[in-house]
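Worksheet: the structure to be examined is printed underneath.
Just so it is clear, none of the values below were taken in a lab; they were calculated from the coordinates. Keep in mind the model is a prediction, meaning the values are calculated, not measured. Cβ atoms come from the backbone with ideal geometry, glycine included; neighbour counts cover every protein chain shown.
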Amino acid sequence: MKTSLAALTLVLMSASALAQTVPEPVPVNEIFTAEQIGHGLSKPTPEAGKTAASPQNAPQDDGQWTMPSKNYASTRYSSLNELTPATVKQLQPLLSFSLGVNKGQEAAPIVADNTMYVVTAYPNYVYALDLAKPGAPLKWKFAPRPIPASQGVACCDVVNRGGSVDKGKYIFNTLDGQTIALDVKTGKPLWRTQLGNINVGESITMAPVVADGRVYVGNSGGELGVRGWVIALDEDSGKLLWKAYNTGPDKDVLIGGQFKPYYTSAKGTDLGVKTWPPDAWKIGGGNMWGWMTYDAELHTLYHGTGNPGPWNADQRPGDNKWTAGIFARDPGDGTAHWFYQFTPHDEHDYDGINEQILLDMPFGGSMHKVLVHLDRNGYVYVIDRTNGEVLSADPFGPVNSTKGVDLRTGRPIINPEKQTKLGETVRNICPTASGAKDWQPSSFSPRTGLLYIPHENMCMDWMNEQVNYIVGTPYVGALVHMKPGPGGNRGAVTAWDPVQRKPVWSIKENFPVWSGTVVTGGDLVFYGTMDGWFKAANARTGEILWKYKVDSGIIGQPISYKGPDGHQYIAVLSGVGGWSGAIVSGPVDPRDGSAALGMINVMSDLPKYTTAGGTLYVFALPH
Amino acid sequence: MSSRFLTNCMIAAALLSPLAGCGHAGHSGDAVAAAAQAGTEGVIDSALAPGLNHTAITTDPRAAAYYDNAEAVNEGKRLFAQYNCSGCHSNGGGGMGPSLMDSEWIYGGRLEQIHQSLVEGRPNGMPSWGGKIPDKQLWEISAYVRSLSLPQTLAAQNGPTPSQTPAPVPRSADQDTGWAPPPGTTNDYGATTLGPHE
């Protein structure tokens, strides 16, 4: 017994030396409390009205799921209520369908006219399944054949975040930078438009937004010195209507007389040039690879902007506009209306591309048209979407890189102790580079008034390194090692009250929760875990009511829809990967903690829990 | 030095800050000539050699100078970071590109095979650097990459970042003749079962 214990200790020690064990969590006293750094312009006034999305942005639920965000408000709320805390215990898998691709599957299945559409990670197959027939047989499969070399410019696995169905078309993007519209009946392309160039490092992973006769697309490449842009295409022809860059002179950013930012720091001429060293804006990132939202009520397009490049902030003194912030634009011509920068001069890879949820919400005694944004930098922002004013900003994850948001200037209060340095490792920075939350979208229930946030609890050590720009190659310049946040659970699902500005409940998960959430009319929240569990929680209490183990970890977006038989169905893709799952889906070695941009240091144990896969699962009650 | 090389080298230099060396004309000229010669036979990537009972290998005489050469691996390590190889392959563990510190080689792990991958690029995302980075530097990077999975280099790791002191590549590391049956098996392609006996 004694001998074997000694041997075990020896094994553990040698594993530790090779970074194969997960580091110790950051102590809780390293981070700030919500009371210390949360700020609002006014005290909560819930009596002023009920929080809900407007009918223009969240029309009455037809039981379909035609866009990843469910509706323009991006609530990801399904009103179906056959599944309840009582009935969910009988939920069963109805069918599974192999996607034929064992990479990170981040897409939402789409349901329209009794057909389900799924787009996979590279090579971006699209499947159409007939829900009206037993076993949902394949109607067609489309293989767009993106150029294989595009895998070499995808920063964080070869993912795809989904497509949308509108007017008889399924519209999606490919890793090598195409937007393609397929005829939903035949699976044949109606048009395909090449938007990105892999030889300058561009790729596309985001889900296009289709609204108002236009298709809105943005590029990826923030780790390769790619200049970020957003494009609108004509929905019928695929022809370019407008293109707005997220760095550079005002004429490129489509900033003109209509531009009325709320805060002084965004006012001036050509700030997209002046807030950078000479010409650095040309290779400065600010990519739009996450969520855009079309506001059908205010006829406005909102989109975030990604991290500035390179990660080494010493090489780009200045605010680095218009990166790590959010634009409101005219969807017709792209003209900017306002901009707000979550993280000026980002030093920690805090992209601003997470979801915006459009709500009517009581604040300061009256109802406001707000967008709620859960940023990588760790704050829940409630922003007046008519003018870009921040009404409140509260931490929802571990934060010490800033000491709150100054609501007079809109700027985060920098914590100098966690500023990154050239050649010197700064330890225990929270949140980590992938954020208190990454792209994985939250949901909102009008029944509970709560947001359901899938998120991370991770921190990091960071050292800046000088980096050269070589076109088409990574432009990062940082040695990063991630670690668990306080408590050691690397992920959580938190129910957040945006009016009271505080959490109601939180479910701790061992791994970062990299799947989206969906909330239903039966007060259930569904989400998946990276170790392969698909779970249903009580939306009011956070109690786990049901779970099912699938073939591989889940990082996709679950949906809820009404089948041809009138019953409620739940669907999700398995297939672990993405940045956090690269240790399983990519040929990555756990002995290098700095691998996959420092993510491997905190995820080296994932291969013990799951393997690569890629499967569509559909669940229903027995009937 | 061909004019094409000069042009590409200038492009590379223009892209790099601080300026990377472009190698000496004599070296580059030799390299181009040798590459042309090696190109007639190519570098074998596959362990499948129809009709043979062992793996066929090619040896590139240019590789010889980079074995048992501490300066080459150290210089290769510096260049690996300078040319952003580390952006995809990290400190050997991979990320956007595959790990280089394990024993799996998609396109071959001999020094000349690694060099060939750098020169030609590979279809799933490895850029081609032939003519863009001086050939001597490509050999030095190859030597560093070959060193990453050496037991000596792995043993020198201390902490969550792989070894920063890569071991020189011993000539013996690439002297096996490629694929052979695993230890403990019998190399008897003519095996048949006799019996069962009464």
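Observations
- Ranking of B:LEU194, A:LEU621, B:LEU100 by count of other Cβ atoms within 10 Å, fewest first: B:LEU194, A:LEU621, B:LEU100
- Alpha-carbon centroid distance for the pair region A:492-550 / region A:250-281, whole angstrom: 40
- Cross-link pairs exceeding 29 Å in C-alpha to C-alpha distance, out of A:LYS103/A:LYS502; A:LYS167/A:LYS321; A:LYS167/A:LYS267; A:LYS483/B:LYS77, comprise A:LYS103/A:LYS502; A:LYS167/A:LYS321; A:LYS167/A:LYS267.
- Between region A:287-313 and region A:601-623, the alpha-carbon center distance in angstrom: 29
- Farthest positive-ward along chain A dipole, Cα basis, beta-carbon charges - from A:GLY410, A:ILE180, A:TYR170: A:TYR170
- Between the alpha-carbon centres of region A:346-401 and region A:146-199 there is a gap of 30 Å.
- Which of A:PRO261, A:PRO249, A:THR275, positive extreme of dipole for region A:238-278 (C-beta unit charges): A:PRO261
- Taken residue by residue and averaged, Cβ atoms of other chains lying within 10 Å of the Cβ of A:154-160 number 2.
- Taken about its Cα centre, region A:481-606 carries a charge dipole of about 320 debye when Lys and Arg each add +1 at the Cβ and Asp and Glu each add -1 at the Cβ.
- Extending 7 Å from Cα along the Cβ direction at A:VAL28 and again at A:GLN90 yields two label points whose distance is 4.2 nm.
- For region A:140-203, a Kirkwood radius taken over Cα pairs fed into Stokes-Einstein (10 °C, viscosity 1.306 mPa s) yields D = 129 µm²/s.
- At most 16 other Cβ within 10 Å, DSSP loop - trypsin sites (Lys or Arg not before Pro), region A:384-426: A:ARG408
- For the segment A:582-590, counting C-beta atoms of other chains within 10 Å of every residue's C-beta and taking the mean gives 6.
- Per-residue shielding of B:151-161, expressed as the average number of other chain Cβ atoms within 10 Å of the residue Cβ, stands at 4.
- Cα-centred dipole magnitude for chain A, charges only on beta-carbon of K, R (+1) and D, E (-1), debye, nearest 20: 600
- Computed from backbone phi with θ = phi - 60° and the Karplus coefficients 6.51, -1.76 and 1.60, the 3J(HN,Hα) list for region A:465-479 is 10, 4, 9, 8, 8, 10, 3, x, 10, x, 9, 10, x, 8, 9 Hz; x is used for glycine and proline.
- Contact order relative to length of region A:228-360, as percent, for alpha carbon pairs under 8 angstrom and 6 or more apart: 26
- Which of A:LEU195, A:LEU524 has the fewest Cβ neighbours within 10 Å, and the rest in rising order: A:LEU195, A:LEU524
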